[in-house]
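Q: Before I ask anything, let me first share the structure, which is written out below as structure tokens.
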Amino acid sequence: MEIKGSKILITGGTSGIGKETAKQLIIRGAKVVITGRDKEKLNKVAQEIGAIPLLFDISDLESIATKAQETIELLGGKIDTLINNAGIGVFPKLGDITIKDLESVYATNVFGLTLLTQEIVKPFIAQEYGNIINIGSTAALKGFERGTVYAASKFAVRGITQSWQAELRKHNIRVCLVNPSEVTTAFAVEDRVERDEENKKLGTEEIAHTIIATLEMRDKGFIPEVTVWATNPF
């Protein structure tokens, strides 16, 4: 895909992987809509990196069809790429898991992701072209202590991705799962303030690089899944 001139939606674009990916795509000439739940932060980040802001909580499932249409209008009536980056996590141990834990994580990581993509894929099918990048996790490959809720949601995203690959390939729609290992972001931080990069964790730049490299591959091919690990040099 040619990045310059392309039109892209990134959910959860106000910090971390979403923000860095949007920034790098915009530098390369893409027109990018980013979503966020905090209006003040969303507008500040959008102005900082040159993105188009869309106030949108993907867990508000009733608003998804309207927000998808609004996105396409903001992008001038066309969209080339959806990056499903918005995600949350809770990490209770078995015995402490509540229905609220399951519902809140699945509403964002699985239900919202699926229903939004269902709307965006309509123009993709009509134009016989599109790109979907789902942000998974190494937790989509292997569970871990206290990972029942989060890992289950990411295993679901992996299964969803593989199903979409089978369903959408005939429409020339590329679907890729990107699995980061530990990344230093504001993820799972209560005040949502980004942490300084840590030695044994990836930075957001590595994941943004992976997403962009995946998109830049000639449209003749696509990468079904890629996992990015920190080298742990220290």
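Quick note: the coordinates plus some simple rules give every number you see, no bench work behind them. These figures come from a predicted structure and were not determined experimentally. Don't worry about glycine lacking a Cβ; one is built from the backbone with ideal geometry, like all the others, and counts go over all protein chains shown.
Q: Could you let me know the centre-to-centre spacing of region 11-50 and region 118-164, using Cα atoms, in angstrom?
A: Here the answer is 21 Å between Cα centres.
Q: With +1 on the Cβ of every Lys and Arg and -1 on the Cβ of every Asp and Glu, and nothing else charged, how large is the dipole of the chain about its Cα centre, in debye rounded to the nearest 20?
A: Details: 28 positive and 30 negative charges, 113 e Å.
Magnitude of the dipole: close to 540 debye.
Q: So which trypsin sites (Lys or Arg not before Pro) in region 1-48 end up in coil per DSSP with only 12 or fewer other C-beta atoms within 10 Å? Could you put the intermediate results ahead of the total?
A: Values: sites: Lys4, Lys7, Lys19, Lys23, Arg28, Lys31, Arg37, Lys39, Lys41, Lys44; in loops: Lys4, Arg28, Arg37.
Of the trypsin sites (Lys or Arg not before Pro), the ones in loops of region 1-48 whose Cβ has at most 12 other Cβ atoms within 10 Å are Lys4.
Q: I would also like to ask the following. Above 22 angstrom, tally the Cα pairs of region 38-141 and express them as a % of all pairs, no decimals.
A: The calculated P(r) of region 38-141 puts 39 percent of pairs beyond 22 Å.
Q: Still on this structure, please answer the following. Taking amide H atoms as placed 1.01 Å from N in the peptide plane, list the residues 5 or more away in sequence, or in a different chain, whose amide H sits under 5 Å from that of Val175.
A: Those qualifying (amide H under 5 Å, at least 5 residues apart or on another chain) are Ile132.
Q: In addition: Per residue of region 129-140, in order, report the coupling 6.51 cos²θ - 1.76 cosθ + 1.60 (Karplus, θ = phi - 60°) as ³J(HN,Hα) in whole Hz, putting x for Gly and Pro.
A: Rounded to whole hertz, the list is 5, x, 9, 10, 10, 9, 8, x, 4, 5, 6, 7.
Q: Apply the Karplus curve 6.51 cos²θ - 1.76 cosθ + 1.60, θ = phi - 60°, to the phi angles in region 156-170 and return the couplings in whole Hz, x for Gly and Pro.
A: Values, residue by residue: 4, 4, 5, x, 4, 4, 5, 5, 5, 4, 5, 7, 9, 4, 5 Hz.
Q: Also: Determine the gain in length on full extension of the stretch Met217-Gln47; use 0.36 nm per residue of separation and subtract their C-alpha separation, reporting nm with one decimal.
A: On the way: separation 170, 0.36 × 170 = 61.20 nm, distance 2.91 nm.
Stretched out fully, the Met217 to Gln47 stretch lengthens by 58.3 nm.
Q: How long are the semi-axes of the equivalent ellipsoid of region 46-89, taking √(5λ) for every eigenvalue λ of the Cα gyration tensor, in whole Å from largest down?
A: On the way: eigenvalues 63, 47, 22 Å².
The answer is 18, 15, 11 Å, longest axis first.
Q: Applying 1/(1 + (r/R0)^6) with R0 = 30 Å to the Cβ-Cβ distance of Val228 and Gln162, what FRET efficiency is obtained, to the nearest 0.05?
A: Numbers: r = 19 Å, r/R0 = 0.62.
So the FRET efficiency works out to roughly 0.95.
Q: Show me, bin by bin at 5 Å from 0, the whole-percent P(r) of region 7-228 based on Cα pairs.
A: Bins of 5 Å from zero give 1, 7, 15, 20, 22, 18, 10, 4, 1, 0 percent of pairs.
Q: Suppose the chain between Leu94 and Ala65 were pulled fully straight at 0.36 nm per residue; how much longer would it get relative to their current alpha carbon spacing?
A: Numbers: separation 29, 0.36 × 29 = 10.44 nm, distance 3.54 nm.
Taking 0.36 nm per residue and subtracting the Cα distance, the gain is 6.9 nm.
Q: Stretch Phe144-Lys122 to full length: gain in nm at 0.36 nm per residue minus the Cα-Cα span? Show your work: numbers first, answer last.
A: Working: separation 22, 0.36 × 22 = 7.92 nm, distance 3.63 nm.
Gain on extension, Phe144 to Lys122, equals 4.3 nm.
Q: Across bins of 10 angstrom width beginning at 0, how are the C-alpha pair distances of region 8-96 distributed, in whole percent?
A: Per 10 Å bin, starting at zero, the Cα-Cα P(r) for region 8-96 comes out as 17, 50, 23, 7, 3 percent.
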